[in-house]
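Comments concern the structure below.
The values are calculated or read from the model by the stated rules, or taken from the named source; none is laboratory data. Nothing here was measured: the structure is a model prediction, and the numbers come from that model. Please note: Cβ atoms are built from the backbone with ideal geometry, for glycine as well, and neighbour counts cover all protein chains shown. When the accessible area is computed, the model is the full protein with side chains, heavy atoms only, and any ligands, DNA or RNA have been set aside. Shrake-Rupley method; radii C 1.70, N 1.55, O 1.52, S 1.80 Å.
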Amino acid sequence: MSEAASRRLKARYAAERRFKLWGIAAILFSLLSLVVLLFTILGSGFTAFRQTHIRLELDLKAEQIAPPGTTDPRQIMQGNYGALILEALQQRFPEVQSRGERRRLQAMISAGAESQIGRMVVQNPALIGQKVSMWLPTSSDIDMFVKKQVDTDAPEDERRVKDNQVGWINALKASGDLELQFNTRFFTGADSREPELVGIWGGVVGSFYTLLVTLLVAFPLGIMAAIYLEEFAPKNRWTELIEVNINNLAAVPSIVYGLLGLAVFIGFFGMPRSAPMVGGLVLALMSLPVIIIAARAALRAVPPSIRHGALALGASPLQVVLHHVLPLAMPGILTGTIIAMAHALGETAPLLMIGMVAFIVDIPATPVDAATVLPVQIFMWADSPERGFVEKTSAAIIVLLVFLLLMNLTAILLRKKFERRW
């Protein structure tokens with residue numbers, strides 16, 4: 001080998017090593033960025049799974065609620081529970097006398113505490129006229145202060161929690177009447193204007209109905225289209241045009257599907273806004289090309305010998321596909337479908353166009369009820385200025401990531417369990 005050829009060979013090997021090093025560096029940088037992102041989300045969101053509560057001794061006076069023996073839920077819920085809370089707080093801190101201090105004292109308790117007491121009395125009307133001990137949620141400002149999510153050393157005029165409130169917090173801590181408890185409301189409630197009262201269950205149910213409609217529409221249509229194109233359609237100019245357009249539709253921005261749903265489903269067919277039914281149809285249109293492509297690839301992976309053997313034994317072409325090819329291709333089809341559904345679960349832009357960004361405080365009971373979905377709820381919380389919504393946004397992102405990881409893990413397990421190598 002000549003000296004010039006030797007130099008070129010060494011230069012080529014050196015270039016290959018540099019290329020490999022750059023590739024490894026890119027992978028490490030991506031992993032590091034992902035780890036930093038995950039730790040940032042976890043660091044700002046895990047505190048939302050616990051909520052600050054204060055224990056109060058409430059005197060459920062009949063004159064503030066309803067006469068003893070009343071069982072009408074509406075009448076009970078109209079009781080003056082705010083006065084009962086203020087009275088319990090003043091009994092706990094009798095030195096509070098001025099109007100401003102009473103207002104600050106009552107502001108420590110969440111606005112949703114009144115409805116919580118009302119629901120308890122509705123469930124057990126015999127409590128009217130008795131004294132009960134209850135753990136009530138604090139306001140978001142107090143909750144953030146206790147969790148040290150704000151600067152607790154800032155001057156009083158720069159804090160939303162004032163010095164006298166800090167003194168009351170310390171007194172309640174010392175007596176064991178203030179503690180952090182598991183935030184069940186976050187997992188069982190719906191949206192709210194108050195950060196300490198928000199929950200993800202309304203978004204979870206809306207996401208479930210939306211994905212259910214998406215699956216029921218996109219899965220059978222996608223399989224049927226893939227079977228026809230791969231097994232029965234003649235290979236001509238029209239089928240080639242259809243295949244090119246399916247591949248192009250898989251790359252169309254998701255917001256275009258939202259505009260299509262707004263124009264067709266809501267504008268032309270008059271379907272209700274903010275309904276999971278419409279959201280599911282829009283996401284089904286978006287997921288359909290991905291499912292078709294995955295299903296065709298899975299059908300194409302089945303060896304031709306399976307088809308030839310079935311035909312040789314007298315099976316019809318339809319029987320060959322339904323009884324032999326489709327069952328063998330189903331693991332790949334399911335994997336592609338789950339990945340498409342996971343992608344649909346994280347979509348926000350097309351659902352914003354059909355009105356699922358509306359403020360919904362009720363949990364939907366059917367796919368045609370007004371609802372929101374978890375990604376849209378995260379979007380709305382992230383746009384709120386209150387500090388309490390920051391941790392709720394991160395906590396909801398954690399829940400959404402868990403769902404996405406579970407769906408992708410299911411796809412991997414299905415592929416590993418049913419995959420066949422030919």
Here the residues within the range 71-92 that are surrounded by fewer than 17 Cβ atoms within 10 Å (Cβ to Cβ), more than 34 Å from the chain's Cα centre (by Cα) and touching a residue at least 40 places away in the same chain (Cβ under 8 Å) are T71
For residues that are within 15 Å of the chain's Cα centre (by Cα) and either open to solvent by less than 10 Å² (accessible area, probe 1.4 Å) or more than 10 Å from T372 (Cα to Cα) (or both), tally how many sit in the range 337-361. 11
In the range 384-422, which residues are among the small types (G, A, S) and modelled with pLDDT of 90 or more? S394, A395, A396
When only residues in the range 255-276 that are surrounded by fewer than 19 Cβ atoms within 10 Å (Cβ to Cβ) and among the small types (G, A, S) count, which is nearest to I291 (Cα to Cα)? A263
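Tally time: how many residues in the range 228-254 are open to solvent by 20 Å² or more (accessible area, probe 1.4 Å), assigned to a helix (DSSP H, G or I), of a type in the set (A, V, I, L, M) and in contact (Cβ under 8 Å) with a residue 40 or more places away in the chain? Spell out how you get there, then give the answer.
Within the range 228-254, the first condition is being open to solvent by 20 Å² or more (accessible area, probe 1.4 Å), and the residues that meet it are 228, 230-232, 234-238, 240-254.
Pick out the ones that are also assigned to a helix (DSSP H, G or I) and you get 228, 230-232, 237-238, 240-249, 254.
With the extra rule that they be of a type in the set (A, V, I, L, M), the set shrinks to 241-242, 244, 246, 249.
Filter again for in contact (Cβ under 8 Å) with a residue 40 or more places away in the chain, leaving 246, 249.
Result for the range 228-254: 2.
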Matching residues in the range 116-151 - criterion: being touching a Leu at 6+ places or on another chain (Cβ under 9 Å), modelled with pLDDT under 90 and among the small types (G, A, S): G129
For the range 21-70 the number of residues that are exposed (fewer than 12 other Cβ atoms within 10 Å of the Cβ) and assigned to a helix (DSSP H, G or I) is 21
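Among the residues of the range 129-143, are any under 34 Å from the mean Cα position of the chain (by Cα), open to solvent by 30 Å² or more (accessible area, probe 1.4 Å), of a type outside the set (D, E, K, R) and within 23 Å of A174 (Cβ to Cβ)?
Step one: filter the range 129-143 for residues under 34 Å from the mean Cα position of the chain (by Cα), giving 134-143.
Imposing the further condition that a residue be open to solvent by 30 Å² or more (accessible area, probe 1.4 Å) reduces the set to 135, 141.
With of a type outside the set (D, E, K, R) added as a condition, the list becomes 135.
Now narrow it down to the ones that are within 23 Å of A174 (Cβ to Cβ): 135.
Yes, the range 129-143 contains a residue that is under 34 Å from the mean Cα position of the chain (by Cα), open to solvent by 30 Å² or more (accessible area, probe 1.4 Å), of a type outside the set (D, E, K, R) and within 23 Å of A174 (Cβ to Cβ).
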Single residue of G199, G167 found to be open to solvent by 20 Å² or more (accessible area, probe 1.4 Å), free of Cβ contacts under 8 Å to residues at least 40 places away in the same chain and among the small types (G, A, S): G167
Only one of (1) modelled with pLDDT of 90 or more; (2) closer than 15 Å to A111 by Cα fails for L172. Which number is that? (2)
Taking the range 170-184 and keeping residues surrounded by fewer than 19 Cβ atoms within 10 Å (Cβ to Cβ) and not acidic (D, E) leaves N170, A171, K173, A174, S175, G176, L180, Q181, F182, T184
